[in-house]
Structure formats: C-alpha cells, structure tokens
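K.L.:
Sending over a structure as structure tokens; questions will come in a sec.
The values are calculated or read from the model by the stated rules, or taken from the named source; none is laboratory data. Since we're looking at a predicted model, the values are computed, not measured. Neighbour counts are summed over all protein chains in view; Cβ atoms, including those assigned to glycine, are modelled from backbone coordinates with ideal geometry.
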C-alpha cells in the first residue's frame, strides 16, 4: 500500500517533457538542463488541487521539484534501474501502457455497436465440426478443409439432410443426438468466429467452411427472432425420475396452489443442494444456457411470482417461479459492459489486426531470401547460435537475425514453420512499434518516464529513509533523546509512531542537504521571476 500511495504522489510532482526551441532553461543540475515548460506542466497539474497560498508558492514548489530531481538522479547513479525486479515491473507497466495504442479506436467503437445490435437478436443454427488433430500441420488443415467442403457439397448440391450428415460426420459429440442443432443463441454465447459466421449466414442457407480453434465448421441458419433478454427464476428440483419422484413433485405443486411459500418448499423438498437454501434461486440466464424444456418454461412465465406446472428434464422434475425478467436495454446503458465483453472476446483481435495491417503498410519490411533458407531445415530448432547471425528480416532501420526467429519458435511446435515465420514478422512489427512509441507518442513517453522515476525513487526512499527509520532502533533512540524537549510524553514506546515520522523528516532533510552539497544546482533567477509574475496575474 505504501508503494502505491507513494507512486501516486510522485506522479503528481514528477515531470518529463519535450522541450520546444524557445523553451528557456529554468534550472541546471550539473549538466542537465530543466526547461521552464517541464516545471510549468508539473506545477499546473497540481495547482487546482492546492488550497493554501503557501502550497501555491512558485519558489517553494520549484525547490520541491529540484529535490525530486536530485533524488531521481541519485537513484540512477546508484544503478537501481539495473535490478531484475525493476526491469520486470517496468516491462509489466509498458505492456499495460501500450495496450490502448495497439487498438484502432474507431474500429473498436464499431465492434461495440455491432455487438450491441446482435444482442437484440437470437438465431437458431445447426453445425457440423471437423476437429483439428493434436499438433496438426498445414497438410492436416488442407485435408480437413477438403473433407468439410465435400460435406457441404453433399448438403447444398445433392440435397442430403444436414442433420443426417451431422449425426454421421460431426466431431461434436452432441450431434449424435441433436443432429447438430444448437438451439437459439445470441451475441457472446459462442466463440466469436463461430458467432460471426452464424449471424452472417442467411436463413435456410449453409455457410462456407470457417475455422475456429476447434477445427473447421459449416453452419446452417434455421431461424431468427428478437432477443428475449435474460430471466431469473427459482426452481424446485426432484431428481428421482421414477413414479415416486413424480408423486413428490405433484405434492409440492399442490402445496403451492394451496398458498404455501415457494421459498420454504424449495428449502424443504429441492434436491439442488446449491440453491435450496436460497429458496431455489438461480442466476439470470439467456437463450441457449439451459436445457430446452427448462428454458421454455422459464421464458413462458409472465409476472414476478408466477410459477410453472411440474415438468421433466434429463435432470429430474422441476417447478419454476419467476423472480425477474431482464429485457435488452439501450445502447447507452449497456455500452460499458459490452465494451468489456468485446475486449475479452475474439472481437478485440479484429481491432488489433486493423492496427497491425496499418503498420505493415506503413513500415518498410524486407525479407532476406538467403537467410530464409533455414526455414527449410528439419533441424532448425537445433542450429547452433553462432550459425544464426545472418539478417533474416528488417523493419525500417531495425535488423533482426535468424537467431531471434529460432528463439521465437523453440517452444512453439504445434504450427508449421511458414505459419510461424509470418507470425514472427507480425510479432516483430508490433515490437518495433512499441519500441518507437517513446519517439512518436509524447503522452506515452511522459507517462513511462514518470513511472520509471517513481519506481526508482520509491526504492531509494525505502532504502534511505523508511527502512532506516523503522529498523535503526539506536538511531531512533538517539534522535528522540536529542529532541525529547519537544515531546510531552517521555516514553518512546508510547509515541513511537509520531517519533518515527519526525525522524523520517529529519533524515530526508539531512539527505537533501547532502545531495545539494555534492551536486551543482543553478536556478535561472530571471526566469523564476517571470514565472512568479505570470502566476500572480493568473490569480
């Protein structure tokens, strides 16, 4: 918690800017020139949150800013930026910071709107799946594609029944009983590639083969209807499907008709151990989430408190009571939730791919054919490092050796080498983009530098001040003895927290004084006066 709070405060007083040609030097620390714009940006960022006049004092804020700069410089001098933990933390933050730049914002907004439009509709579809084998190659993929194309041809051109073909040839086990019928479903209920193909297929038609992570599919769209939204019900379940179970559920139903509480009856009779103590209440659900008889009964209930007649599923006998209906809400109300779902689903890859394709058009990418000869070698993963020093590809001015590719594929063995080479190019394009963000995106560079400095300063303050004040019991006692007069309580153990805080302030002031002695700090007084005058006018 101390680290988080410290970093938040540091980000409010730290700064990093891109100097403009007319930007004057405000402070020189050794050979480092700090521009007026850098201090102004930091000072103005904090100005609105400062209430006291003393806190708005330009000269005092400049002194704090100089102290901060001296501490950060000391952290770099001590090479705290070379530790593994620091590098690991910065790499994690960079990945978080770069994420928004790797998405096409306009494209993403369109994906969100399209996804919302699909939530208003439910479709019924059947499918046939031909799975990929483990560790499949491009040759396997081609054979699977030919197989599913032949199945489609039989259905479309030779009038063979889709459900019959699904029962015979689909690798989806459920097809043996349901003929590939998936029932009704809406947006986000299937993997995106499947959902996309199913929604785009016209009613009564069979799609062309398409690929998901499971294999190749074909889909027949059977029907379409407005979305029913979601529903929440409570249920009483009797798992005994014999005549005894039927008599028991009928007894429960008669008690309901007589006016007994559904909640109490669920607690007493239901065999669903997960819900009976909650009066049988289930989480809300939409189409395609429950077995068909259960779904039909739930969505048939009209008003809160209504209950169904007993009905049977493969799990046993049920009675449902309606708790609440959740119709599809407006785009404005659901946008935030849909945005989250889009980012978590396969849709986000479309936005990523849009950025990647733009970058590939923008960059000069060269493949070196002689170096690519290693792609044909069966022992590619075992080639010695010193034999992998030829340039394999270049992206603008950056040259990437064969060694990088072999390292990239070392633990990727379930894809063909040509496929991995194309994936490697995509990976390197994105890496090049991320590496150059500090030069192309000032806001990114500022945020990254602030975080780097903040992490280093936290480590340095921990080492110089916080750890010392809490662990150096002799130093603390010595400080207390010398300053006992200012404390009304003379027992250190009773005011230890207060004394530690004072001791930390003392240590920091002493440390700052040392830093100022060993560093050359020069303030441009003319520019400082201009700043003071400027902010007085602003008031």
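K.L.:
If we scan segment 408-419, do we find a residue that is in contact (Cβ under 8 Å) with a residue 60 or more places away in the chain and assigned to a helix (DSSP H, G or I)?
P.N.:
Yes; the residues of segment 408-419 include at least one that is in contact (Cβ under 8 Å) with a residue 60 or more places away in the chain and assigned to a helix (DSSP H, G or I).
K.L.:
Starting from residues that are in contact (Cβ under 8 Å) with a residue 12 or more places away in the chain and exposed (fewer than 15 other Cβ atoms within 10 Å of the Cβ), keep the ones in segment 316-330 and report whichever is farthest from residue 254 (Cα to Cα).
P.N.:
The selected residue is 327.
K.L.:
Take residue 262 and decide whether it is crowded, with 17+ Cβ neighbours inside 10 Å, in contact with a helix residue (DSSP H, G or I) (Cβ under 7 Å, 6 or more places away or on another chain), free of Cβ contacts under 8 Å to residues at least 60 places away in the same chain and over 24 Å from residue 121 (Cβ atoms).
P.N.:
Against the criterion (crowded, with 17+ Cβ neighbours inside 10 Å, in contact with a helix residue (DSSP H, G or I) (Cβ under 7 Å, 6 or more places away or on another chain), free of Cβ contacts under 8 Å to residues at least 60 places away in the same chain and over 24 Å from residue 121 (Cβ atoms)), residue 262 qualifies.
K.L.:
Taking residue 366 and the conditions (1) outside any helix (DSSP H, G or I); (2) out of contact with any helix residue (DSSP H, G or I) (no Cβ under 9 Å at 6 or more places or on another chain); (3) farther than 30 Å from residue 413 by Cβ; (4) touching a residue at least 24 places away in the same chain (Cβ under 8 Å), which numbered condition does it fall short on, given that it satisfies the others?
P.N.:
The one condition residue 366 does not meet is (3).
K.L.:
Does residue 143 meet the test of being within 30 Å of residue 230 (Cβ to Cβ) and part of a helix (DSSP H, G or I)?
P.N.:
Considered against the rule, which asks whether it is within 30 Å of residue 230 (Cβ to Cβ) and part of a helix (DSSP H, G or I), residue 143 comes out as no.
K.L.:
Identify, by number, the condition in (1) over 25 Å from the mean Cα position of the chain (by Cα); (2) closer than 30 Å to residue 180 by Cβ that residue 249 doesn't meet.
P.N.:
Looking at each condition in turn, residue 249 falls short on (2).
K.L.:
Looking at residue 299, is it within 30 Å of residue 141 (Cβ to Cβ) and assigned to a helix (DSSP H, G or I)?
P.N.:
Spelling it out, it is not the case that residue 299 is within 30 Å of residue 141 (Cβ to Cβ) and assigned to a helix (DSSP H, G or I).
K.L.:
Given the conditions (1) closer than 15 Å to residue 375 by Cβ; (2) part of a helix (DSSP H, G or I), report the number of the one that residue 386 does not fulfil.
P.N.:
Result: residue 386 fails condition (1) only.
K.L.:
Next question. Tell me the residue from 472, 426, 481, 467 that is over 38 Å from the mean Cα position of the chain (by Cα) and either within 30 Å of residue 359 (Cβ to Cβ) or loosely packed, with under 12 Cβ neighbours inside 10 Å (or both), please.
P.N.:
It is 481.
K.L.:
Just give me the residues in segment 194-210 being in contact (Cβ under 8 Å) with a residue 40 or more places away in the chain, out of contact with any strand residue (DSSP E or B) (no Cβ under 7 Å at 6 or more places or on another chain) and over 18 Å from residue 183 (Cβ atoms), in sequence order.
P.N.:
Listed by number, the list holds a single entry, 208.
K.L.:
Just one of (1) outside the structural domain of residue 322 (by TED's automatic domain parsing); (2) surrounded by 14 or more Cβ atoms within 10 Å (Cβ to Cβ); (3) in a loop (DSSP other than H, G, I, E, B) trips up residue 203, so point out which.
P.N.:
Condition not satisfied by residue 203: (2).
K.L.:
On the basis of being on the phi < 0 side of the Ramachandran plot, in the same structural domain as residue 526 (by TED's automatic domain parsing) and modelled with pLDDT under 85, does residue 33 make the cut?
P.N.:
When the stated conditions are applied, residue 33 does not pass them.
K.L.:
On to the next question. Tally up the residues in segment 177-194 that are at pLDDT below 95 and assigned to a helix (DSSP H, G or I), please.
P.N.:
Adding up the residues that qualify gives 4.
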